[in-house]
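Working notes, beginning with the structure itself.
The values are calculated or read from the model by the stated rules, or taken from the named source; none is laboratory data. Values in this document were obtained by computation on a predicted structure and should not be read as measured data. Counting neighbours? That spans all protein chains shown, and the Cβs are built from the backbone with ideal geometry, glycine included. Note: areas computed on protein heavy atoms with side chains; ligands, DNA, RNA excluded. Shrake-Rupley method; radii C 1.70, N 1.55, O 1.52, S 1.80 Å.
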Amino acid sequence: MWWDERVSARFRRNLQPTLTYWSVFFSFGLCIAFLGPTLLDLRCQTQSSLSQITWVFFSQQFCLLLGSCLGGVFKRTLSQSLFALFASSLAISLVFAIIPLCHNVVVLAVVMAVAGLAMGCIDTISNMQLVKIYQKDSAIFLQALHFFVGFGALLSPLIADPFLSDTNCILSNSTANASSNLPHIRKSLVPHHPGNLSHYDLPMKGMVVTRVSYAFWIMALINLPVPIAVFFLLYKERMVPCFHSSSRPLLPADELAMEPRPTEKEDLSTAVQGPHAAGGHDDLFSCCQSKNFRGASYTYFAVHITGALVLFMTDGIVGEYSGFVYSYAVEEPLSVGHKVAGYLPSLFWGFITLGRLISIPVSYRMKPATMVFINVVGVLITFLLLLIFSYSVVFLFVGTASLGLFLSSTFPSMLAYTEDILQYKGCATTVLVTGAGIGEMVLQLLVGSIIHDRGSYSFLVCGMIFGGLAFTFYSFLLFFHRMYPKPSSDMDDASPDKPAVMDDTGQYQR
């Protein structure tokens, strides 16, 4: 194997939980990307207007952000984390199964809100647990985790595509005229942004003809093994009330969470449960309690804030670029054909997924700080070249692919880097996940309003500004890293690189 034996041995000891967390993130990706391509068929199913159905986007995105904030509530113990992941992944399968039964847009929005909450919990908990298991070795496993979300995001539109309506799926007298706009509208909805659809008029009354239900039922079946995998992990850890035996060789998860010193049995139970000082990886609201601020230096807060601001910008760029690159391409001066422009969002997400796959081996050889630096500089240079060659259709495709590669590994690398600075204390994972979610939502809305007022060229100008801000905030993070207190010898002794030894309680201790 291309990594060393120590990391390989640690991966083998934690194989089942690691694969489970990766599979749960596949559920996240599967759920985040299906809405754009299927939204027109869902509009027909609910017999709603385009402006009404786009509220489904908002309900999902807002509750995803809320779920990311609340996800930390469920990770105080391993059992809470796993039960939350089981409930969330099962909820996603149920959502896929229930969507074809939603014939009212309000009901559909509520169902998608539940999906958003489940996705937010998955996002926060999976990242936290992998960081807790691998700590200083977590970068490579976080890269793999985020590859699976990209893989799921690529797969769900492919599943849906054969079942999408080629013509308007509400048959009425105006169907012929409305159907001529259908390809353009559908491409502007890829992958998960509603765009500006207020000037399109599609029929709301008539006979509904759509086969999109089959796509959702297929995705429900594909996702079903994920909650089953989480259940088997619960069973292995003897946390299922009806199945565990009376004699347990390990301490209960709640007792492990209350141990006064960090412990590490070389399996999931203790590696994940090790408590953290300075408040641990609490939920966002617990992080804001004054007791967690006592004795903390200003650099402690600065690392959290600047790390979150970098991801606010970079994840915001992912959201705004994927949402508006199609609209930018079909407008002047490029005036790309609708069919050709429709490949741009797919190209962008494809190279994000490819970049995450490449980053898995690269992250083992390269420090997270170096990877983030390359990412933010690459994003800035790419937008600069896109502005310089703004009249070149060829370079728009090259720049889109380049931007996808540079943005692909930013989140997992930043998470690994920030957690490493803070020595796995504080609330870095929760704060960073929340900052990234807010950025994706806010910058999409901001860029959409600016494009509406200033024209399509402002799309690249906004990207350049956001890239420059990401680089600036990262420079501040590097500065605060130099100012942050160095780890003590006690912390060095607690390093995951140290071999585990048995203490007198029979538990592994670092």
Open item on the list: Given (1) touching a helix residue (DSSP H, G or I) at 6+ places or on another chain (Cβ under 8 Å); (2) part of a helix (DSSP H, G or I); (3) open to solvent by 30 Å² or more (accessible area, probe 1.4 Å), identify the lone condition not met by V95.
Closed with: (3)
- [ ] Among what's in the stretch 205-223 and is open to solvent by 70 Å² or more (accessible area, probe 1.4 Å) and modelled with pLDDT under 80, pick the residue that is nearest to I92 (Cα to Cα).
- [x] V209
TODO: State the number of residues belonging to the stretch 14-36 that are over 15 Å from F151 (Cα atoms) and in contact with a helix residue (DSSP H, G or I) (Cβ under 8 Å, 6 or more places away or on another chain).
DONE: 7
TODO: Name, by its number, the condition in (1) surrounded by 20 or more Cβ atoms within 10 Å (Cβ to Cβ); (2) modelled with pLDDT of 90 or more that does not hold for F373.
DONE: (1)
TODO: Could you list, in sequence order, all residues of the stretch 61-82 that are outside any helix (DSSP H, G or I) and not hydroxyl-bearing (S, T, Y)?
DONE: R76
- [ ] Mind listing whichever residues of the stretch 94-117 are within 18 Å of the chain's Cα centre (by Cα) and in contact (Cβ under 8 Å) with a residue 60 or more places away in the chain?
- [x] M112, A115
TODO: Check whether at least one residue in the stretch 488-496 is outside any helix (DSSP H, G or I) and modelled with pLDDT of 70 or more, and report yes or no.
DONE: no
Open item on the list: I'd like the full set of residues that are hydroxyl-bearing (S, T, Y) and at pLDDT below 90, limited to the stretch 278-320.
Closed with: S286, S290, S297, Y298, T299, Y300
- [ ] Could you tell me which of the residues F147, F141 is at pLDDT 85 or above, open to solvent by less than 10 Å² (accessible area, probe 1.4 Å), among the aromatic types (F, W, Y) and farther than 30 Å from E331 by Cβ?
- [x] F141
Task: Positions within the stretch 344-398 being closer than 19 Å to S138 by Cβ and among the polar types (S, T, N, Q), in sequence order - done: S359, S363, T370, N375
Task: Among (1) within 22 Å of M219 (Cβ to Cβ); (2) of a type outside the set (F, W, Y); (3) open to solvent by 10 Å² or more (accessible area, probe 1.4 Å) - the single one V24 does not satisfy - done: (3)
Task: Count - residues of the stretch 104-157 that are small (G, A, S), closer than 19 Å to L15 by Cβ and touching a Ser or Thr at 6+ places or on another chain (Cβ under 8 Å) - done: 1
TODO: Hey, can you tell me all the residues within the stretch 425-472 that are open to solvent by 10 Å² or more (accessible area, probe 1.4 Å), within 21 Å of G71 (Cα to Cα) and in a loop (DSSP other than H, G, I, E, B)?
DONE: K425
- [ ] Kindly indicate the residue of the stretch 32-59 that is part of a helix (DSSP H, G or I) and of a type in the set (G, A, S) and also least open to solvent (accessible area, probe 1.4 Å) among those meeting that condition.
- [x] G36
